[in-house]
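The values are calculated or read from the model by the stated rules, or taken from the named source; none is laboratory data. Predicted, not measured: the structure shown is a model, and the values here were computed from it. Positions of Cβ are backbone-derived with ideal geometry, glycine not excepted, and every protein chain shown enters the neighbour counts. Side chains included, ligands, DNA and RNA excluded: accessible areas come from the protein's heavy atoms. Shrake-Rupley method; radii C 1.70, N 1.55, O 1.52, S 1.80 Å.
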Amino acid sequence: MEQSLDRREFESKKTNLFIILSGIFLTNAILAEIIGVKIFSGELTLGIEPAGWTIFGEYILDFNLTAGAVIWPIVFITTDIINEYYGKKGVRKISFITAFFIAYIFFVIVGVTRLPPAPFWLEVNTPDVDGNAFNIDYAFNVIFRQGLGIILGSLVAFLLGQLIDVFVFQKLRKITGPKMIWLRATGSTLVSQFIDSFVVLGIAFYIFGNWSWAQVVSVGIINYIYKFGVAVLLTPLLYLGHYLIDNYLGKDIADQMTKEASEDTSFL
């Protein structure tokens, strides 16, 4: 009877933890898709002039970022934590669930941007604050249809990045064992975020948008540097997450879960 209660407690804690981590992962991944259409200036945010660096004689390199990149490191940190305790199967499960909901968003946006606007809605939202004529339906459609390219690009980049992240993470775990969490988290992020940064921009803004390759490379480099840099800076948060989870699960359960999670190191 006691053994049965211990088993139920184990399964309950394991399930509750996965729900919490999945909620963090899903919320931030989908939110990043929705806000990712906006490109903002890192320099102007800090009150300084754009750098305007030229590389390879052609590419203008300013610190411009997609708004989605602001919260994307949280997704990768959550991926590493799920990977640590639930292994490849756990990451793959939440990744495909998230991809499904991203695709769902795509179809909803396609539908709502085709709906005819109510005349009063157009009237009450014009002119703009500067007195210029403003078509809010046009603005709505332009913003969200740009988002469609981001969503399609992100589906490809997201799934590819997740598979690569979990593969590199588990390979490094085989080498380091349960120690050196920072190394496998940083190593997997270094590879997977490179793929994510350039694939999503290439599909979203070059194939489906009107960007040049110079703009894709410029923003991609800065996005990659930012996401990787922030992920490194957030490494203490990764250790804090492990500490809190280990306390919640208990040492025996935590050790058992991480041991089981490390057994599968295949790519698919």
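At least 3 residues that are of a type in the set (Gly, Ala, Ser), under 20 Å from the mean Cα position of the chain (by Cα) and within 23 Å of ARG92 (Cβ to Cβ) in each: list the helices (runs of 4 or more DSSP H) lying fully within region 177-268 that qualify.
On the way: elements: 181-201, 213-233, 235-249, 251-261.
It comes to 181-201.
Any idea which of (1) crowded, with 22+ Cβ neighbours inside 10 Å; (2) at pLDDT below 85 is the one VAL110 doesn't satisfy?
(1)
Answer yes or no as to whether LEU237 is within 21 Å of ARG184 (Cα to Cα) and hydrophobic (A, V, I, L, M, F, W, C).
So LEU237 passes the test.
Condition first: closer than 29 Å to TYR243 by Cβ, modelled with pLDDT under 75, β-branched (Val, Ile, Thr) and open to solvent by 10 Å² or more (accessible area, probe 1.4 Å). Can you find one or more residues in region 164-180 that meet it?
So in region 164-180, the residues closer than 29 Å to TYR243 by Cβ come out as 164-180.
This time we only want the ones that are modelled with pLDDT under 75, so: 176-180.
From the residues that got through so far, the ones that are β-branched (Val, Ile, Thr) too are 176.
Narrowing the set further to residues that are open to solvent by 10 Å² or more (accessible area, probe 1.4 Å) leaves 176.
Within region 164-180 (the criterion being closer than 29 Å to TYR243 by Cβ, modelled with pLDDT under 75, β-branched (Val, Ile, Thr) and open to solvent by 10 Å² or more (accessible area, probe 1.4 Å)), the answer is yes, since at least one residue qualifies.
In region 9-47, which residues are over 16 Å from the mean Cα position of the chain (by Cα), under 22 Å from LYS251 (Cα atoms) and either modelled with pLDDT under 80 or surrounded by 14 or more Cβ atoms within 10 Å (Cβ to Cβ) (or both)?
GLU9, PHE10, LYS13, LYS14, LEU17, PHE18, listed by residue number.
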